[in-house]
Amino acid sequence: MRPSRSSLLLTPLFGDDQVGEDATALLSQARRDRVVPLLVRLIGTGDGVDAADLEKLLLVERANMAHAVTLEHHLLGVVGLLADRGIRSAVLKGVAVAHLDYPDPCWRQFGDADLLVDPNHFEPALQLLRGAGWRNESEVSEHHDRFTHALPMRHERGVIIDVHQAIGRRALGRLIPADVLLDTAVPFEIAGIELRALADPFRLAHACVHWLASRGTYKRLSGAADIIVMSRRLASGAGGLLDELGRYQVDRFVQTGIAKAFAVAQEPVPSGWEPFLRPSARPDLVARAHLSPDRRPVLEELAFLTKLDGREWLPYLRGYLDVGDDYRAKHGRSGPLDQLRYLGRKLRNRA
Amino acid sequence: MLGRRSVRRRPTAFRSVTGGVVIASQRTGDALFLPATAAAVWDLIEDRADEDAIALSLQAQFPDVDPTEIRRSVTEILGVLDDEGLLEGDPT
């Protein structure tokens, strides 16, 4: 089978060095999919590659890594700020997997940093960041503050840290309680400073949930690459890992994520995973809402409502109608009628 | 600062890239790109080398380059790193 461009870009993860076609033609996809570091490794020393193309690629690589160190610089400051106030945090996604799962952090490109904080301290954490010069990148309805999974905060130097109180949107964020994620978090270092990241099973589960639930341009090859590097390392304990994740109903996401990531890479699934990759039961509502190829907003909404405590329903629904001044100013909608029209459009939207 | 031992200020985020190293400035958080020679100086600071030792080490790596030129480059690079808040006096 002829390798697809996506599988070609993932080749370095498997230790192969066959380019097979003009690799520099892959640059635009590599940039879009945040796998420029893999393309750099695919090309290697640049033998046989046009010098101008190689220079362009290396400049992009340098810019990406410059962005990475700037982000990490600010992330270290934020984590320290939160720790000083006793707020626990765990680094998520790109920054964490770059340092914990890839052969070298230079292999993983990322656009922003993601930080999980204790949901009980979500608002105080945001206040601390605002006091340190960070600003909300987006606004949510004030009654939805406690239901949103993350709020992006922008620093005046341009970098963004997504502050999370859950690891996924809507029902996905309610599958694994944040206190479980924070209680089991593992240490890692950036520039000699100790931070925390999700434990192996939860880091893999998060990678799978995030990649599978992403749509359009947000569904990047970097997500598949994360799943591949982690699942290869964890293959010997696959059964036990899925049992553990089954307690939180995320095992199906991991099974599906691994199967799809290796399919994109056009590589066989590691043998340790093979016996465990056939989901047995019918998918539950959360899986049906979030694993289909197109968005199903009504199902997503229903799945989320099933994960809410009954006492949360009223504040949640109120959040759609009574949005607060900041949200109103940002989105230009006012009054319950405007909001009901918006809600109707949102539920119909399959984009 | 110059003429005596210096060490990297910690924590400083950096990555090795093709042709050099990128480092987050302690002053602004913005990234600096250090090309190969400057990256070599950055590596040598890790070992707590003083300015003379750095110049000697570079001289061994680049024997064809005029020692005065190497010494001037080292002084200049350490000055840039110091301006960006990336050095501190060796506490030992």
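Regarding A:Asp101, is this residue away from chain B (no Cβ under 14 Å), at negative phi and modelled with pLDDT under 95? The answer is no for A:Asp101.
List the helices (runs of 4 or more DSSP H) that sit entirely inside the stretch A:257-351 and contain at least 3 residues that are under 23 Å from A:His149 (Cβ atoms) and at pLDDT below 75. Let's see the steps before the verdict.
Numbers: elements: A:285-290, A:297-307, A:313-321, A:325-331, A:336-348.
Once the helices (runs of 4 or more DSSP H) in the stretch A:257-351 are filtered for at least 3 residues that are under 23 Å from A:His149 (Cβ atoms) and at pLDDT below 75, what remains is A:313-321, A:325-331, A:336-348.
Taking the criterion of being more than 28 Å from A:Asp33 (Cα to Cα) and buried (at least 20 other Cβ atoms within 10 Å of the Cβ), would at least one residue in the stretch A:102-123 satisfy it? Checking the stretch A:102-123: at least one residue is more than 28 Å from A:Asp33 (Cα to Cα) and buried (at least 20 other Cβ atoms within 10 Å of the Cβ). Consider the stretch B:8-17 and keep the residues that are at the interface with another protein chain (Cβ under 7 Å from one of its Cβ atoms) and outside any strand (DSSP E or B). The one that is nearest to A:Glu61 (Cα to Cα) is B:Ala13. Does B:Asp64 satisfy the condition of being at pLDDT 90 or above and within 12 Å of the chain's Cα centre (by Cα)? No, not satisfied. Considering (1) among the basic types (Lys, Arg); (2) over 12 Å from the mean Cα position of the chain (by Cα); (3) away from every other protein chain (no Cβ under 14 Å), the lone condition that A:Arg220 does not fulfil carries the number (2).
Is there a residue being away from chain A (no Cβ under 12 Å), touching a residue at least 40 places away in the same chain (Cβ under 8 Å) and either over 21 Å from A:Val159 (Cβ atoms) or among the small types (Gly, Ala, Ser) (or both) anywhere in the stretch B:18-38? I'd like the intermediate steps shown before the answer.
Pass one, the stretch B:18-38, residues away from chain A (no Cβ under 12 Å): B:36-38.
From what is left, the residues that are touching a residue at least 40 places away in the same chain (Cβ under 8 Å) are B:37-38.
Remaining after also requiring either over 21 Å from A:Val159 (Cβ atoms) or among the small types (Gly, Ala, Ser) (or both): B:37-38.
Yes: one or more hits.
So that you can scan it fast, the table gives a plain yes or no per residue for (1) farther than 20 Å from A:Leu82 by Cα; (2) at pLDDT below 95; (3) crowded, with 17+ Cβ neighbours inside 10 Å:
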position: A:Phe147; (1), (2), (3): yes, yes, yes
position: A:Met153; (1), (2), (3): no, no, yes
position: A:Arg174; (1), (2), (3): yes, yes, yes
position: A:Ile190; (1), (2), (3): no, no, yes
position: A:Leu195; (1), (2), (3): no, no, yes
position: A:His206; (1), (2), (3): yes, no, yes
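In the stretch B:40-54 there is at least one residue matching the filter, namely being under 11 Å from the mean Cα position of the chain (by Cα), part of a helix (DSSP H, G or I) and surrounded by fewer than 17 Cβ atoms within 10 Å (Cβ to Cβ).
The values are calculated or read from the model by the stated rules, or taken from the named source; none is laboratory data. Just so it is clear, the model here is predicted, and its values are computed rather than measured. Using ideal geometry, Cβ is built from the backbone for each residue, glycine included, and neighbour counts are taken over all protein chains shown.
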